[in-house]
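Report on the structure given below.
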Amino acid sequence: YQLGYYTQRLLDNDFIQSMSKKGNCHDNAPIESFFHIYKMECLSGFPPYKDIKSLREASLNYVSWYNNHRISLKTKGMSPIEYREHTLAA
């Protein structure tokens, strides 16, 4: 994460690099959890995508579905967007 070409590539693509102190894995836990679910629900069991365009389209569709329709017990049976709105209204 500290290699010059890597950090420059992030900057060139308008990404903000998030780094915590050594030994703090909790910063990455939410995204690691999401990517595990993504791989299990979106990519598992499908044949390899024929090109990057079809993979990108499938990924965008999945993320939209995940945010707007996928419910979870962790979010009291609400989608992530519903849960966020519920939490902000409180």
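The values are calculated or read from the model by the stated rules, or taken from the named source; none is laboratory data. Just so we're clear, the structure is a prediction, and the values are computed from it rather than from any experiment. Glycine gets a Cβ as well: all are built from the backbone with ideal geometry, and neighbour counts include every protein chain shown.
Within segment 31-58, residues that are touching a residue at least 40 places away in the same chain (Cβ under 8 Å) reach no partner that is of a type outside the set (Phe, Trp, Tyr) with beta carbons closer than 9 Å at six or more positions or on different chains. Among the residues of segment 1-15, those that are among the hydrophobic types (A, V, I, L, M, F, W, C) and part of a helix (DSSP H, G or I) comprise LEU10, LEU11.
Of all residues in segment 1-19, those that are modelled with pLDDT under 85 and of a type in the set (Val, Ile, Thr) total 1. Looking at (1) touching a residue at least 12 places away in the same chain (Cβ under 8 Å); (2) touching a Pro at 6+ places or on another chain (Cβ under 9 Å), find the lone condition where SER72 falls short. So the condition that SER72 fails would be (1). Screening segment 20-79 for residues that are at pLDDT 85 or above and aromatic (Phe, Trp, Tyr) and picking the one that is surrounded by the most Cβ atoms within 10 Å (Cβ to Cβ) gives TYR66. Applying the criterion of being of a type in the set (S, T, N, Q) and closer than 17 Å to PRO30 by Cβ to the residues of segment 42-75, the residue that is nearest to the chain's Cα centre (by Cα) is ASN67.
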